[in-house]
Amino acid sequence: MRAIIRQIPNTITCCNLLCGCIATSFAFDGDQSKALAFIILGAVFDFFDGMSARLLKVSSPIGKELDSLADDVTFGVAPATMVFTFLFQLPYPEFLDSSRSFIPYLAFIIAAFSALRLAKFNLDERQTTSFIGLPTPANALFWGSLIVGGGSRLTQLSYSLPVVLVLVALSCWLLIAELPLFALKFKQWGWKGNEVKYIFILTCIPLILLLGVSGIAVAIAWYVVLSLYANSRAPKSH
């Protein structure tokens, strides 16, 4: 019985991995909405695999490695494939038109930096109550919601290609940057000490209600900005 219990977290992690594979398949087919849906489902499995491992007290080095592999597929390869497919749909300036066949491959830099982020996270003991750099699920949800919610508008803008490429570079940098970002973990539910978290939650609700799917991308951008603001206001240790 104990042997079966030990495999529960790894089974949930494998469900995350399968979601990432399915999301990638849909992204290659150009079905961005279904790709995003499976990324979100993978994020749900990712939340519960760690929780189940802690509850059942069956954490293992194998589970940790498997979790990183699954996360890179679901939150690295899948969103990178969404961006890859999307880049073929954007208008290209005339001087870059001959590069249309290979510029989209730059999207897979997201997968590489996501893997680097995950490896760094595994070794960084500072990230128990907050994050250093942008978490891979947040980055994946940013790209997925931006493409699904705002993709049709972006394809109509003549300057969308450089904007998307700059966002790719910026998101890759944020994944590994030494920037403290808050985590939605509560030690107590009072306002004091949780001001930034509550402000984020309360402002995200109207954002998503007003903007729909694209509101998720705006909320993640707001999360980064709010984290940087909160960090700038925090007392400096000497």
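Here is how the numbers come out for the structure above:
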| item | result |
| --- | --- |
| Any hit, segment 9-24, residues being over 30 Å from L146 (Cα atoms), open to solvent by less than 70 Å² (accessible area, probe 1.4 Å) and assigned to a helix (DSSP H, G or I) | yes |
| Filter result (in a helix (DSSP H, G or I), open to solvent by 50 Å² or more (accessible area, probe 1.4 Å) and among the hydrophobic types (A, V, I, L, M, F, W, C)) within segment 196-236 | I199, I201, L202, I205, I208, L209, L210, L211, V218, W222, V225, L228 |
| Top-ranked residue in segment 82-99 [being free of Cβ contacts under 8 Å to residues at least 24 places away in the same chain and more than 18 Å from I147 (Cβ to Cβ); ranked as surrounded by the most Cβ atoms within 10 Å (Cβ to Cβ)] | S99 |
| Test: residue in segment 116-129 that is open to solvent by 50 Å² or more (accessible area, probe 1.4 Å), of a type in the set (D, E, K, R), assigned to a helix (DSSP H, G or I) and modelled with pLDDT under 95 | yes |
| Unique match (being out of contact with any strand residue (DSSP E or B) (no Cβ under 9 Å at 6 or more places or on another chain) and within 17 Å of D31 (Cα to Cα)) among S145, S101 | S145 |
| Residue that is surrounded by the fewest Cβ atoms within 10 Å (Cβ to Cβ) [pool: residues in segment 25-61 that are in a helix (DSSP H, G or I) and among the β-branched types (V, I, T)] | V44 |
| Qualifying residue in segment 149-159 (condition: among the small types (G, A, S) and open to solvent by 30 Å² or more (accessible area, probe 1.4 Å)) | yes |
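The values are calculated or read from the model by the stated rules, or taken from the named source; none is laboratory data. Remember, predicted model here, so these are calculated numbers, not experimental data. Glycine also receives a Cβ, built like all others from the backbone with ideal geometry; neighbour counts cover every protein chain displayed. Side chains are part of the model used for accessible areas, which takes the heavy atoms of the whole protein and leaves out ligands, DNA and RNA. Shrake-Rupley method; radii C 1.70, N 1.55, O 1.52, S 1.80 Å.
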